[in-house]
Every structure is written in structure tokens, then in C-alpha cells.
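Below: one structure, written as C-alpha cells.
What follows draws every value from the coordinates through simple rules; no lab data is involved. On a predicted model such as this, the values are computed, not experimentally measured, just so you know. Methodologically, a virtual Cβ is constructed for each residue, glycine included, from the backbone with ideal geometry; neighbour enumeration extends over all protein chains shown.
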Amino acid sequence: SAHYRQLDPAGLANQLAALPFLRDRLGGNPPDWTIREVSDGNLNTVWLVHGPAGSLCAKQSLPHVRVDPSWKMPLDRTTFEAAWLRETEAVAPGMVPPFLHFDPHLYLLVTGCLDDYVTLTEALARGENPAPIAREIGFFIAQNTFHHSFRGTSFENMARLEGFFSGNTTLTRITVDLVLTDPYHAHPRNHFHPALTTLVERLHTDGLIHGAVCHLQERFFTTRQALLHGDLHSGSVMVRNGKSSVIDGEFSLIGPIGFDLGMFAASLVLAGFAAASEERRQELHNSLALLHDSFLKTYCHEWMNHEGAHDLSPSFLMRDKLEILSQQQKRECAAIVEDAAGFAAMEIVRRLTGYAHTPHFETLSQEASGDRQHDALCFAIDLLSDLSNAAGKLFGTGSGLHS
Ligand code: SR1
Ligand code: MG
């Protein structure tokens with residue numbers, strides 16, 4: 001856009017001051033405001049702004065990847081994040097920061113500020129109990145995906161969502177490369193701990209693993225199931241006192257529900273393998289069953305009870321045929337959970353061997369980090385090598401992670 005320029009704190013203050021409702025929210029005048037840059041993710045600049053009356057959060061796209069300015073990138077990601085946020089706050093109110101403003105020329109998104117929240121990655125490293133968060137995110141994924149699927153909204157609305165979000169090709173390309181492809185062949189962006197060398201060779205050559213990856217690539221592109229967050233790792237969840245708020249919907253797209261569920265599950269798996277004690281590892285890995293149960297309970301409840309003003313709501317279609325309804329629901333849910341286990345494995349693989357790693361292992365010694373990453377990668381390879389039993393091993397209904 002001809003009007004785009006990278007903002008600095010003074011430029012941001014001018015933009016906010018020009019919008020009366022944002023100026024009122026902050027109170028006072030720009031000299032009374034403190035603006036703190038808190039950019040943490042890989043892609044954008046983020047500031048927290050505090051004034052005498054209130055606060056807000058501002059996020060601007062950069063024309064490149066923030067952590068690698070040589071990697072050029074179109075600016076449109078905040079457009080998709082703004083749209084995702086507005087869709088999501090309508091179906092999961094209070095579980096995302098409130099949308100306040102979007103400037104389509106500056107690619108500047110303004111939301112409510114999550115004062116005193118920290119990323120879930122940081123909270124888990126500090127020893128926070130994962131159980132309430134796993135339950136909340138299971139609930140969140142179910143609400144957000146069900147009500148943005150053909151069962152929870154009209155197919156006309158789904159067509160609108162699909163038309164818009166299929167335009168998010170820039171960030172979907174990143175997912176295609178970094179999650180779905182690069183870790184399975186030698187690529188200059190890949191890097192990994194030397195303790196993983198033999199396993200990485202397997203990732204590059206093993207036919208069983210490549211068969212599973214091909215299947216999951218097919219699920220990713222042909223399962224037009226719901227509007228997804230698209231990057232739901234522990235850095236996309238902010239927490240405070242056991243409450244969570246989901247941010248960073250810039251990777252949003254229409255795809256398989258299991259992609260969101262699996263990516264979040266992978267964060268819990270990785271945090272567990274990096275844990276300081278066996279007890280803590282078990283606590284983190286046991287929370288996967290809570291995530292799974294909370295997702296399914298909410299999803300099935302919405303499925304059975306939704307009274308949408310359209311003809312594909314199951315309760316409307318077959319209200320008195322509960323047995324048939326429940327069989328169909330079981331089939332749909334089993335497919336979601338199977339997808340989730342496969343995508344969780346792919347997310348673990350790429351966070352250990354691809355471009356963008358997880359910070360969970362950073363506090364360990366080099367040797368301990370290698371050992372734990374090796375265990376985590378073995379687990380992911382085991383899931384990919386036996387996809388039909390992967391859901392049980394991940395979520396606790398089969399022998400796997402759980403005690
Ligand atoms: C170049 S972006 C790398 C990663 O950061 C984002 O949060 C996504 O997870 C992406 O894959
Ligand atoms: Mg992000």
C-alpha cells in the first residue's frame with residue numbers, strides 16, 4: 001500500500017490520537033502515554049500502550065519476517081488476523097482480546113491489552129498447573145471450530161469464510177513449507193541438536209513416515225471443515241491466574257479441526273519432555289487427556305444442542321433418532337481426533353528439526369536438552385509410524401505418554 005510505513009512509538013501515538021474512541025480509552029494526551037515494544041513472535045511488531053484511563057495493544061505487519069529481515073513477506077497477515085478476531089469473539093466471547101480497530105493501509109491492528117498476562121510457554125516454564133488451561137483451550141477449539149463449520153453455521157456463511165480466508169496464502173505457504181514439508185527432506189532452513197542426527201535421517205528417508213506425512217498433507221488441504229486459528233502453539237495463548245486468551249490468528253484458514261487441536265497438544269507434549277522433574281512431566285502429559293475430553297464434550301454438546309437457523313443442525317434433522325445421530329457424531333469426532341494426533345506429531349517434528357523451534361528446551365544443559373529432544377522426537381516418529389493408534393497414545397486411551 002502506498003500509505004504504508006513502519007511505525008515507531010511516536011508514529012503509533014499519532015495514529016491512536018487521531019481516533020477519538022482510542023484516545024478516550026487511553027485518556028489524557030500522547031505525552032501521558034507509555035508505549036512499550038513487546039514483540040515476541042517471529043513476524044510482527046507489537047506494542048503495549050498505557051494511558052491514565054486505560055490500555056491497548058497494537059500490532060503492525062512488517063514487510064519481512066521480524067526475526068529474519070532478509071525473508072521478505074507481503075503485509076496482509078494482519079488483515080486476516082483482524083478478520084479472525086472478529087469472527088472468533090462472536091463465538092468464544094472473553095477468550096480472545098477485544099477487537100478495537102484495524103487500519104488496512106498501515107496493516108495496524110489494535111486490540112484490548114492483556115495486562116499482566118504471560119505466554120503459556122512462559123507460564124508452563126514457571127510451573128503453572130496445565131490442567132485448567134488444557135480444559136479451556138479444549139473448550140475454545142470446540143466452540144470456535146463448531147460454530148465456524150457447516151454444522152454450526154449456514155453453508156452460505158461457510159462459503160463466505162472460505163472465500164475470504166483462502167486468500168491467506170502468504171502464511172499458509174509458511175505452514176506448508178515449515179510444518180508440512182521441510183522437516184522431511186534436507187533443507188537449508190532446518191537445524192537440530194546433534195543428538196537427533198540419526199532420527200532426522202529417518203525423517204528424510206523412512207517410507208512409513210513419508211506415507212503418514214502424505215496422508216496428513218491431503219487432510220490439511222482437502223478437509224474444508226472449519227475456520228481454524230492455524231498456529232495454536234503455546235506462544236499463541238496468553239494466561240493469567242489460570243485464565244487464557246488466544247492471540248495471533250494471522251495464520252487463520254479453513255482446514256481440518258484436528259490441525260488446531262494437534263498443534264496445541266504438541267505444545268503440551270514438548271513442555272512435558274522438557275520438564276524439570278518426572279512428576280512435572282506426568283502433570284503436563286496427563287493434561288492431554290483433559291484437552292481431549294474438554295474438546296469432545298463441548299463439541300458434542302454443541303453438535304447435539306445447536307439450534308441454528310439452517311437445515312444441517314443435527315438436532316433439527318433427527319431429533320428423535322438419537323442412536324443414529326450418536327453413531328454419526330462418533331465417526332466425525334474420531335476423524336478429528338485421529339487428524340489431531342497426526343498433526344501433533346508433525347508439529348513436534350518441526351519444532352525440533354525445522355526452522356522455528358520451541359523454547360521449551362532452552363533452560364536445559366546441552367546434554368540434557370539433546371536427551372529430552374531425542375525422547376520427544378522418538379515419540380513423534382512412533383505416532384507417524386502407526387497413525388491408526390496415534391490418538392490413543394497421545395490422548396491417553398492407549399499406552400503412550402500417560403501414567
Ligand atoms: C517465519 S514464521 C515461523 C513460525 O512462526 C509462527 O508463529 C508460525 O508458527 C511459523 O511457522
Ligand atoms: Mg504468532
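Key figures
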{"quantity": "Per DSSP, loop trypsin sites (Lys or Arg not before Pro) in segment 59-163 with at most 12 further Cβ within 10 Å", "calculated": "126"}
{"quantity": "Linear extension gain, residue 89 paired with residue 1, 0.36 nm per residue minus alpha-carbon span", "calculated": "28.9 nm"}
{"quantity": "Per-residue HN-Hα couplings for segment 179-194 [Karplus 6.51, -1.76, 1.60; θ = phi - 60°; Hz; x = Gly/Pro]", "calculated": "9, 8, 10, 3, x, 9, 7, 5, 9, x, 6, 6, 8, 6, 5, x"}
{"quantity": "Pairs of lysines in the chain (C-alpha under 25 Å apart; 8 or more residues apart or interchain)", "calculated": "8"}
{"quantity": "Loop GluC sites (Glu not before Pro), segment 317-395 (other Cβ atoms within 10 Å of the site Cβ: 15 or fewer; DSSP)", "calculated": "362"}
{"quantity": "Label-to-label distance, nm, for residues given as residue 105 and residue 19 (7 Å Cα→Cβ offset)", "calculated": "1.4 nm"}
{"quantity": "Nearest-0.05 FRET efficiency for residue 72 and residue 375, computed from C-beta distance (R0 41 Å)", "calculated": "0.65"}
{"quantity": "Residues with amide H under 5 Å from that of residue 100, placed H, sequence gap 5 or more", "calculated": "110, 111, 112"}
{"quantity": "Two-site label geometry, residue 38 and residue 277: point separation in nm, points 7 Å out along Cα→Cβ", "calculated": "3.0 nm"}
{"quantity": "Leading residue at positive end of dipole, the chain (Cβ point charges), from 80, 171, 303", "calculated": "80"}
{"quantity": "Net charge of neighbours whose Cβ lies under 15 Å from the Cβ of residue 142, counting Lys and Arg as +1 and Asp and Glu as -1", "calculated": "-3"}
{"quantity": "Rough spin-label spacing in nm, given labels placed 7 Å along Cα→Cβ, for residue 334 and residue 205", "calculated": "3.6 nm"}
